[in-house]
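What follows is calculated from the coordinates using simple rules that are stated; it is not laboratory data. Everything quoted here is computed from the prediction, not taken from an experiment. Note that each Cβ is placed from the backbone with ideal geometry, even for glycine, and that neighbours are counted across all protein chains shown.
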Amino acid sequence: MTDRSASFVYVTFIRTTPDKVFEAITRPEIARRYWGHENVSKDWQPGSGWQHVRTDDARTVDLVGKVLESDPPKRLVISWANESQQDDPDQYSRVAFDIEAQGELVKLTVTHDELQPGSGMLKGISRGWPQVLSSMKSYLETGQGFDL
């Protein structure tokens, strides 16, 4: 059995509402503005698939998975794998978005776990999540995300 004991946790506070954070994650037309990708699912309900799609002309699918839990606007949990490795169950990890109102702020905790220690995925998401979530924060607070 593959060791999937590594995890990455990122917490940020955003001056917005829980609904807007949940929509920023799940609505393709919003995600593309701060992520450069669209997160696409037919309904974001448990058991439904999702894809992380580039917004370039090729519309390349980079990541795939399933919705594991959905409790809008408080929590979303998805499985996560490179599209090229989707047939290997050992390559999947899990991402939980926990969204909590705190006065005029929202506390967003992203927990990416079930990762293989030392893997390329762990290295990539350890760089990627801080950039993406900082860009989301900027977009939700100012209307301008980063060019990622």
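Each Lys or Arg adds one and each Asp or Glu takes one away; over the other residues whose Cβ falls under 14 Å from the Cβ of residue 14, this sums to -2. Each 10 Å bin from zero holds the following percent of Cα-Cα pairs in the chain: 12, 42, 37, 8, 0. Overall shape of the range 29-68 was characterised from the C-alpha gyration tensor. The equivalent ellipsoid obtained from it has semi-axes of 19, 11, 7 Å, in decreasing order.
Note that the range 15-101 shows a convex hull volume over its alpha carbon atoms of 91 Å³ per residue.
Count Lys and Arg as plus one, Asp and Glu as minus one, and take only other residues whose Cβ is under 11 Å from that of residue 49; the net charge is then +1. Only helices enter the 222 nm calculation for the chain: every DSSP H run of n ≥ 4 contributes -39,500 (n - 2.57), and dividing by all residues gives -8500 deg cm²/dmol, rounded to 500. Residues whose amide H lies under 5 Å from that of residue 115, counting only those 5 or more places away or on a different chain, are 6; hydrogens are built 1.01 Å from N in the peptide plane. Of all lysines in the structure, those lying under 24 Å Cα to Cα from residue 137, and not within fewer than 8 positions of it along the same chain, are 20, 74, 107, 123.
Using the Cβ of residue 29 as centre and a radius below 12 Å, the other residues enclosed give a net charge of +1, where K and R count +1 and D and E count -1.
Please compute the length gained on full extension between residue 74 and residue 58, using 0.36 nm multiplied by the number of residues separating them and subtracting their Cα-Cα distance.
2.5 nm
Look at 26, 109 and count the other Cβ atoms within 10 Å of each Cβ; fewest to most, that gives 109, 26.
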